[in-house]
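To start, the structure itself, in structure tokens.
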Amino acid sequence: MFMRYFSRLLSAMAGPRPVVLSGPSGAGKSTLLKKLMQEYDSVFGFSVSHTTRNPRPGEQDGKDYHFVTREAMQAGIDNGEFIESAEFSGNMYGTSKAAVQAVQAKNLICILDIDMQGVKNIKRTDLNPLYISIQPPSIDVLENRLRHRKTESEESLQRRLQIATVDMELSKEPGMFDVQIVNDNLEVAYGQLKHALLEEINVVKKVNMSS
Ligand code: ADP
Ligand code: 5GP
């Protein structure tokens, strides 16, 4: 009882409640996130994950991801440096404790963009985030978006669509997410995302204005 109270107190002291965004690859998480960070750069901070996949054109090391080798990533995991990690479509991805702490130290709302395995693993920690699901209108639209993005080989695209089919079902499980957003029209979806976060945004704005 006391320990549970103490751990809640500690996580409250760590700053505002983090936010998890999850949904199939190509659903529009990064697009929505970038819009949010642009409009509210003094409210949100991105948890920069580690990955073993290659950078895409335009992606910056240390900003979009920490791009690392499998050996370095495994060593970090073995060393207890990660809150969660997962294998996704042939590569490793993970959230380091340092990535989340860096954002929380600035008293910003920490945003994690993670897959379904990450969601399940974070639920076993005391991070206590708000879980938001970003879904495409259909698997066909998802395929179109991934093809137009031109970042995946045919093999990678097929693997991502396969994972998406399973994850889209899993995400409907009651209690898995606090908020479900279907990203059909971008502006509508962005409005829904802002609405879901409004309360937290106002709290952070108030605290940061008075400090
Ligand atoms: P994710 O981060 O979930 O993998 P992205 O944000 O990279 O997805 O979006 C996948 C592709 O779909 C990108 O090319 C993006 O520009 C496009 N996109 C995102 N949202 C929409 C939308 N509402 N309508 C049309 N295209 C979109
Ligand atoms: P992408 O290669 O398209 O950037 O990401 C592929 C998938 O990995 C996406 O579903 C994304 O949410 C997820 N992902 C990115 N970073 C992490 C992480 O740190 N942990 C987990 N579990 N998944 C992540």
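The values are calculated or read from the model by the stated rules, or taken from the named source; none is laboratory data. Since we're looking at a predicted model, the values are computed, not measured. Cβ sites come from the backbone with ideal geometry, for glycine too, and all protein chains shown count toward neighbours. For the accessible areas, the whole protein counts, side chains as well, though only heavy atoms, and no ligand, DNA or RNA atoms are used. Shrake-Rupley method; radii C 1.70, N 1.55, O 1.52, S 1.80 Å.
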Nearest 0.05, what FRET efficiency do residue 156 and residue 206 give at R0 = 45 Å with Cβ-Cβ as r? 0.55
Rounded to whole Hz, the Karplus (6.51, -1.76, 1.60) HN-Hα couplings of segment 195-207, x for glycine and proline: 4, 5, 9, 3, 4, 5, 4, 5, 4, 5, 4, 5, 4
By how many nm would the segment from residue 187 to residue 106 lengthen if fully extended, with 0.36 nm per residue of separation less the alpha-carbon distance? 26.3 nm
Taking the Cα centre of segment 122-211 as origin, sum charge times position over the Cβ atoms of Lys and Arg (+1) and Asp and Glu (-1), and report the length of that vector in debye to the nearest 20. 300
Using amide H atoms built in the peptide plane, which far-off residues or other-chain residues are under 5 Å from residue 88 H to H? 93
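Under a Cβ-Cβ cut-off of 10 Å, what is the net charge of the residues other than residue 52 that fall near it, where Lys and Arg count +1 and Asp and Glu count -1?
Value of the local net charge: 0.
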Nearest 5 is fine: what % of DSSP beta bridges in the chain come out antiparallel, could you say? 30
Round to a whole number: what % of the accessible area of the chain belongs to carbon and sulfur, probe 1.4 Å? 54
Amide H of residue 96: which non-local residues (sequence gap of 5 or more, or other chain) have their own amide H closer than 5 Å, using H built in the peptide plane? 50, 83
Most mobile listed residue (19, 179, 48) in the chain, GNM with C-alpha springs under 10 Å: 179
Residues of type lysines that residue 150 reaches as a straight line, Cα spacing below 29 Å, ignoring anything fewer than 8 places off in the same chain: 29, 34, 35, 63, 172, 194
What is the distance, in nm, between label points placed 7 Å from the Cα along the Cα-to-Cβ direction at residue 69 and at residue 37? 2.7
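Any idea what diffusion coefficient the chain gets from Stokes-Einstein, in µm²/s, Kirkwood Rh on alpha carbon pairs, 4 °C, 1.567 mPa s?
72
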Theoretical ellipticity at 222 nm over the chain - DSSP helices of four or more residues, -39500 (n - 2.57) apiece, nearest 500: -15000 deg cm²/dmol
Across segment 81-132, how large is the tail of the calculated P(r) beyond 18 Å, expressed as a percent of all Cα pairs? 28
For an R0 of 22 angstrom, estimate the FRET efficiency from the Cβ-Cβ distance between residue 91 and residue 141 and round to the nearest 0.05. 0.35
Is segment 37-102 best put as rounded, prolate or oblate by its Cα gyration tensor, with a ≥ b ≥ c the root eigenvalues, rounded for a/c under 1.5, and otherwise prolate when a/b is larger than b/c, oblate when not? oblate
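So what is the accessible area of the chain per residue, in Å², with the probe set to 1.4 Å?
Accessible area per residue, the chain: 55 Å².
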